[in-house]
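Chemist: Attaching a single structure in structure tokens format; questions to follow.
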Amino acid sequence: MKWLILFGLAGAMLIQMSALARAAELPKVGEAAPDFNLPDQEGKTHALKDYAGKWLVLYFYPKDDTPGCRQEACAFRDDMNQLTALGAQVVGVSVDNSSSHAEFASKYHLPFPLLADDKAEVAERYGVLRNMLLFKIAKRYTFLIDRQGNIRKVYDKVETSRHSKEIIEDLKILNGAAK
């Protein structure tokens, strides 16, 4: 009888883990970017439509003030002048709350919004949510969204030390192709 109960519990766990492993699909290049409406570290609400007419670097990251997330955010900060000159705005998103974002942004002088997706709805829409039974995180993905609100590039293998430079190079090519 014990074996039957253990077998049943193991089966139920496998079914649940399988369901959790299936995430929403990533938006594809050329498709309209999924909309969002989220507060930043200062409580100001941001929506996709706010970035119409600009390139948007929408990057998802797992957790405020962890080594890889810190490195990625500070690289965007350090490259902000180049990104702005190329017509791009940077926006970070994680499932952390606004107060956590405020501490992170203040500590590292981040000059761009960090959006609080604390219900993980936007991460789910973008297909980057990782549900780990007891908690949820956003996987490290970036979406380069064009001036019309369409996905132009999806970065699914992000190397935090050089990611912003990679985006700068891609923006140079994409801006050149648009002329």
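Chemist: State whether the residues of region 111-123 include one that is among the small types (G, A, S), under 21 Å from T45 (Cα atoms) and in contact with a helix residue (DSSP H, G or I) (Cβ under 6 Å, 6 or more places away or on another chain). If you could, list the steps in order and put the result at the bottom.
Modeler: First pass over region 111-123, keeping only residues among the small types (G, A, S): 116, 120, 123.
Subset that is under 21 Å from T45 (Cα atoms): 116, 120, 123.
Among the residues that remain, those that are also in contact with a helix residue (DSSP H, G or I) (Cβ under 6 Å, 6 or more places away or on another chain) are: 116.
Yes, the conditions are met somewhere in region 111-123.
Chemist: Ok, one more. Quick one: which of Q82, Q89 is within 16 Å of I145 (Cα to Cα), surrounded by fewer than 22 Cβ atoms within 10 Å (Cβ to Cβ) and not aliphatic (A, V, I, L, M)?
Modeler: Within the list Q82, Q89, the selection yields Q89.
Chemist: Just need a number here: residues in region 107-165 that are surrounded by fewer than 17 Cβ atoms within 10 Å (Cβ to Cβ), polar (S, T, N, Q) and farther than 22 Å from D79 by Cα.
Modeler: So the count comes out to 2.
Chemist: Taking only region 35-63 into account, find how many residues are within 12 Å of the chain's Cα centre (by Cα) and in a loop (DSSP other than H, G, I, E, B).
Modeler: 4
Chemist: Just to be sure before I move on: is K157 more than 26 Å from K44 (Cα to Cα), without any contact (Cβ under 8 Å) to a residue 24 or more places away in the chain and not in a helix (DSSP H, G or I) in the structure I sent?
Modeler: Yes: the conditions hold for K157.
Chemist: In this structure, does I167 turn out to be assigned to a helix (DSSP H, G or I) and either more than 19 Å from R70 (Cβ to Cβ) or out of contact with any Lys or Arg (no Cβ under 6 Å at 6 or more places or on another chain) (or both)?
Modeler: Yes; evaluated as a whole, the condition is true for this residue.
Chemist: What number of residues within region 121-179 are farther than 19 Å from Y61 by Cβ and among the polar types (S, T, N, Q)?
Modeler: Matching residues across region 121-179 total 3.
Chemist: Could you please tell me which pairs satisfy a Cβ distance under 7 Å, a separation of 6+ or placement on different chains, a first residue in region 74-85 that is polar (S, T, N, Q), and a second residue that is assigned to a helix (DSSP H, G or I)?
Modeler: Here the result reads Q82/I168, each pair linking region 74-85 to a residue that is assigned to a helix (DSSP H, G or I).
None of the figures in this text is laboratory data; all of them are computed from the coordinates on show. Predicted model, so just to flag it, every value in this text is computed and none were measured. Here the Cβ is made from the backbone with ideal geometry for all residues, glycine too, and neighbour counts use every protein chain on show.
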